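Enquirer: Dumping the structure here so I can ask a few things about it.
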Amino acid sequence: MDAIDIARCSAPDFCDLPLGFRSPEFRIQWASGPWMRQQALALRRQVFCQEQGLFDGDDFDTIDADDPSCRLLVALSSWGAQPDEVIGTVRIHRPEPGLWWGSRLAVARDWRRHGQLGSSLIRLAVGSAHALGCHTFLAHVQAQNVALFRRLRWSVLDEMVIHDRMHALMRADLSHYPPCTTPYEGFVLADGARHG
């Protein structure tokens, strides 16, 4: 699904919206179709391989390929209330009963200043795992993102170097994340004005 390019709408009787208009709604949910999964994996490659150079070519691994508990979560921009494009993603999986991990949190470069997409993905990641019996939710967080996670009630357990970058092993305070029993529906952010 490609977005309609509003900037190319030049006939006044066809398009009365201002140039650069973007839908004010964003949906945060578990990926529910092949196009969402493909775009989420492409966004991860863009962020972790091309921008950060953490992986050579692709970050797809055995968790993505072989772990039946693995779920991709997506932040979707919308057009006319219909999902349009994956602009953020995170992955969760359960290596053992009650223990969940989050990883591969990525937001598209043009949307990082929105301010709520990453934290909303984290909220759904922990909340949906909480609904599935999570008692411990962990993540290896890059050093530059530790402050964000602390604001979201995560605590640092340890520090280490992973892929030549400093990371903190962090744990979510589950009391701050109510269980989400409808992860494929997720929730809507209605503040598109913060993009810029």
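Enquirer: How do the strands (runs of 3 or more DSSP E) wholly within segment 80-196 filter down when requiring 1 or more residues that are among the hydroxyl-bearing types (S, T, Y) and at pLDDT 95 or above: which remain?
Expert: Details: elements: 82-96, 99-107, 136-142, 154-162, 165-172, 187-189.
Hits in segment 80-196: 82-96, 99-107, 136-142, 154-162.
Enquirer: Quick check: is even one residue across segment 53-60 over 29 Å from Y184 (Cβ atoms), surrounded by fewer than 10 Cβ atoms within 10 Å (Cβ to Cβ), over 15 Å from the mean Cα position of the chain (by Cα) and modelled with pLDDT of 55 or more?
Expert: Yes - at least one qualifying residue is present in segment 53-60.
Enquirer: Which one is surrounded by the fewest Cβ atoms within 10 Å (Cβ to Cβ) among residues in segment 93-106 that are in contact (Cβ under 8 Å) with a residue 40 or more places away in the chain and of a type in the set (A, V, I, L, M, F, W, C)?
Expert: Filtering first and then ranking leaves L105.
Enquirer: Still on this structure: Take L121 and tell me if it is closer than 25 Å to E51 by Cα, hydrophobic (A, V, I, L, M, F, W, C), in contact with a strand residue (DSSP E or B) (Cβ under 6 Å, 6 or more places away or on another chain) and surrounded by 21 or more Cβ atoms within 10 Å (Cβ to Cβ).
Expert: yes
Enquirer: Right, next: Looking only at segment 61-79, which residues are surrounded by 15 or more Cβ atoms within 10 Å (Cβ to Cβ) and either among the β-branched types (V, I, T) or assigned to a strand (DSSP E or B) (or both)?
Expert: I63, R71, L72, L73, V74, A75, L76, S77, S78, W79, listed by residue number.
Enquirer: What are the residues in segment 156-176 that are out of contact with any Asp or Glu (no Cβ under 6 Å at 6 or more places or on another chain) and closer than 14 Å to G102 by Cα, if any?
Expert: Hits for segment 156-176 are H167, M170, R171, A172, D173, L174.
The values are calculated or read from the model by the stated rules, or taken from the named source; none is laboratory data. Computed from a prediction, not measured in an experiment: that's the story for all the values here. Quick reminder, even Gly has a Cβ in these numbers, built from the backbone with ideal geometry, and neighbours come from all protein chains shown.
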